Amino acid sequence: MNPVDPLSPPRPTALAQEILRPLIRPGDLVIDATAGNGYDTVFLAECVGPTGKVLAFDVQEAALASARARVGETRCVEFFHESHGKMADHAAGESVAVVMFNLGYLPGDDHQLTTQSAETLVALEAAVRLIKLGGALSVICYPGHPAGAAEAEAVERWLTAQAADGWRIARYGAVGTRRPAPFLLLAGKGS
Ligand SMILES: C[S@@+](CC[C@H](N)C(=O)[O-])C[C@H]1O[C@@H](n2cnc3c(N)ncnc32)[C@H](O)[C@@H]1O
């Protein structure tokens, strides 16, 4: 990764991809828990290659249509018009290399159709059971508006508690901003 420029720190979305990239091998099974416009889906598909598999979830048909268009012909991606809370129905325990969450709403779309704390925690509980040794999960939180702040706090508290079960947890984000800045949480399953 390039040295970090303090005048232009990396966006959490880019940082998540750079940190997770070395953990993903061709042929791996990975999950995009919030497909949205498909940027992370494309990233994950490139990492796992044609022999791997990306499971991509979103509750909005408009998001899935956008993500499908961005992904194109890549056959390693399977989309689910379903909540990420159901991800355990589609993968075996300890079989997944990486799970990515990007919380909030689809940029430019209906802001009411946002991720919900309670369901996000259900999905995170599923994700930690699906991830294999050496794998990781990322969550980008948006505390800049009230519902997002409450969700960010709940997610950070829940994820931090997983350290007692051997997960290594980190938090990355700008401080001193006018409004609370988006931040990235990472949880790694070490040996
Ligand atoms: C910030 S956007 C994701 C952006 C995406 N990662 C990308 O690269 O373009 C958040 C997405 O989460 C979706 N979402 C909300 N609740 C969800 C749920 N329970 N399960 C899956 N997706 C959900 C929204 O529909 C929205 O598309």
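Taken as a whole, the structure leaves H111 outside the set of residues that are within 12 Å of the ligand (Cβ to nearest atom) and either touching a Pro at 6+ places or on another chain (Cβ under 8 Å) or under 17 Å from A16 (Cβ atoms) (or both). Residues of region 86-138 that are of a type in the set (S, T, N, Q), in contact with a helix residue (DSSP H, G or I) (Cβ under 9 Å, 6 or more places away or on another chain) and more than 14 Å from K189 (Cα to Cα): N102, T114, T115, Q116, S117, T120.
Pairs meeting the criteria (first residue in region 100-121 and over 14 Å from A152 (Cβ atoms), second residue more than 7 Å from the ligand (Cβ to nearest atom) and modelled with pLDDT of 95 or more, beta carbons under 6 Å, at least 6 apart or on different chains) are M100/S138. Is one or more of the residues making up region 14-21 within 19 Å of the chain's Cα centre (by Cα), within 27 Å of I169 (Cβ to Cβ), free of Cβ contacts under 8 Å to residues at least 12 places away in the same chain and within 13 Å of the ligand (Cβ to nearest atom)? Yes, region 14-21 contains at least one residue that is within 19 Å of the chain's Cα centre (by Cα), within 27 Å of I169 (Cβ to Cβ), free of Cβ contacts under 8 Å to residues at least 12 places away in the same chain and within 13 Å of the ligand (Cβ to nearest atom). Are any of the residues in region 44-51 farther than 19 Å from G134 by Cα, polar (S, T, N, Q) and more than 11 Å from the ligand (Cβ to nearest atom)? So far as region 44-51 goes, yes, one or more of its residues are farther than 19 Å from G134 by Cα, polar (S, T, N, Q) and more than 11 Å from the ligand (Cβ to nearest atom).
The values are calculated or read from the model by the stated rules, or taken from the named source; none is laboratory data. If you're wondering where the values come from, they're calculated on a predicted model, not measured in any experiment. Cβ coordinates were reconstructed from backbone atoms using ideal geometry, including for glycine residues, and neighbour counts include every protein chain displayed.
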